[in-house]
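A short reminder: the numbers here are calculations on the coordinates, not readings from a lab. Just so we're clear, the structure is a prediction, and the values are computed from it rather than from any experiment. No Cβ is skipped: glycine too gets one built from the backbone with ideal geometry, and neighbour counts run over all protein chains shown.
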Amino acid sequence: MNEISLNAYGKLNLSLDVVGKKPNGYHLVRMIMQTVDLYDTITIKKQAEQGITLSTNREDLPTNEDNLIFKAAKMLMDEFHITDGVSIHLEKRIPVAAGMAGGSTDCAATLNGINQLFQLGLSKEELMERGVKMGADIPYCVLGGTALSEGIGEVLTPLKDIPDCRLLLIKPNIDVSTKWVYTTLKWDEIKEHPDTDGMIADLEQGNLSGISSKLKNVLEEVTIPEYPVIDDIKKTMRSLGADNALMSGSGPTVFGIFTDSNAGETAYKKCKELYPDYQVEWTSFISRTQIEQQ
Ligand code: ATP
């Protein structure tokens, strides 16, 4: 094998809670994570010249060690003394700095790709152990699907797949710093926590309306007062027929769940007119099983 191409799926948070803070400043979280059928494509080719070369369709992304793709390839190639070089191309579709773990999922897919291309024989767990050294969300991105994420994000419990439904996703043209959100959040003064256990029970029962009614992200308490457009988009989605809508991660991406897919498609067209400068996507959740079958 001289070349491999992988889909790196984005994630959304169906719920996000902060339940404590470690002395080193890291927050302790309880989040229900879900992969979404919006993905970057990563193509890795062996090359005779040593080293790693990275190219991408997005000019604003780094192509050196600052890119998590580069870091992931280097980590495995150094560990396994790989003397061949690789050229990697990233086709980015997941919105950047948007709360969808775009960089983390690229990192996870690169670990997976290098593992397969050079037949390193690492298990998923072994890839996760290496991934967590580069970011707390990376082990989840290796796992994919529906999962409870605890600790600083690295303690994972796979959950039952969410029932099929369609999603409207909107990334407004604003930059929200994840670091700013977490440092501004007063975790011990959070007004309302999500019902995480209730949502897990709904997932077990395949109760989509229960899941929709429990969408909750405590980081909205920080981002919405500063960036009211996030709340405007949530309200627009609901007024256009979404069962419910929520900001993902530290934002600013907002997603709406539509059990009525006709209403969703109309809402998608309407939102493309309303928000011509924003990234607007009509997509769906994707399960671990569906990803593994690809
Ligand atoms: P999270 O949901 O984990 O907070 P995010 O969606 O907020 O992630 P990313 O899209 O991962 O944020 O990008 C955050 C920053 O990471 C970008 O500004 C970019 O410079 C850097 N970065 C490094 N590697 C990548 C990559 N492969 N894709 C996107 N961003 C990357």
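With a cut-off of 17 Å on the backbone N, the residues of the stretch 148-163 near the modelled label site 7 Å out from residue 190 along Cα-Cβ are 148-157. For the stretch 172-259, a crude dipole built from +1 on the beta carbon of Lys and Arg and -1 on the beta carbon of Asp and Glu, taken about the Cα centre, is about 200 debye to the nearest 20. Close amide H partners of residue 56, meaning residues 5 or more places away or on another chain with modelled amide H under 5 Å apart, are 90.
Over the chain, Cα pairs under 8 Å with separation of 6+ residues give a relative contact order of 22 percent. Taking other C-beta atoms within 10 angstrom as a stand-in for reagent exposure, 258, 70 fall in the order 70, 258, fewest first. Rounded to the nearest 20 debye, the dipole size of the stretch 3-159 about its Cα centre is 280 debye, using +1 on the Cβ of Lys and Arg and -1 on the Cβ of Asp and Glu.
Treating each Cα of the stretch 134-192 as an identical point scatterer and summing with the Debye formula, the log10 of I(q)/I(0) at q = 0.15, 0.21, 0.25, 0.26 Å⁻¹ comes to -0.77, -1.14, -1.08, -1.06.
Scattering from the stretch 238-289 was approximated by placing one identical point on each alpha carbon and applying the Debye formula without solvent; log10 I(q)/I(0) at 0.15, 0.18 1/Å stands at -0.43, -0.62. The alpha carbon centroids of the stretch 37-82 and the stretch 124-152 are separated by 19 Å.
Give the residues of the stretch 76-106 whose amide nitrogen is closer than 19 Å to a point set 7 Å from the Cα of residue 45 in the direction of its Cβ. Inside the label zone: 83-92. Going from the fewest other Cβ atoms within 10 Å to the most, the residues 246, 61 appear in the order 61, 246.
Per residue, what volume in Å³ does the convex hull of the Cα atoms of the stretch 150-284 enclose? Walk me through the numbers on the way to the answer.
Details: hull volume 15.6 nm³, N = 135.
Value for the stretch 150-284: 115 Å³ per residue.
Distant-in-sequence amide contacts of residue 47, defined by a placed amide H-H separation under 5 Å and a gap of 5 or more residues or a different chain, comprise 85, 86, 87.
Considering only 156, 168, 4, and ranking their Cα positions along the charge dipole of the chain that arises from unit charges at the beta-carbon of Lys, Arg, Asp and Glu, the one farthest toward the positive end is 168. Using C-alpha pairs under 8 Å with a sequence gap of at least 6, the mean separation divided by the residue count of the stretch 150-213 gives a relative contact order of 49 percent. Once the convex hull of all Cα atoms in the chain is built, its volume per residue stands at 128 Å³.
When the alpha carbon gyration tensor of the stretch 20-142 is reduced to an equivalent ellipsoid, its three semi-axes come out at 25, 18, 13 angstrom, largest first. Take the chain and mark each of the GluC sites (Glu not before Pro) that is in a DSSP loop with at most 10 other Cβ atoms within 10 Å; the longest unmarked stretch, sites excluded, is 60-191. Each Cα pair under 8 Å and six or more residues apart adds its sequence gap; the mean of these over the residue count of the stretch 166-289 is a relative contact order of 39 percent.
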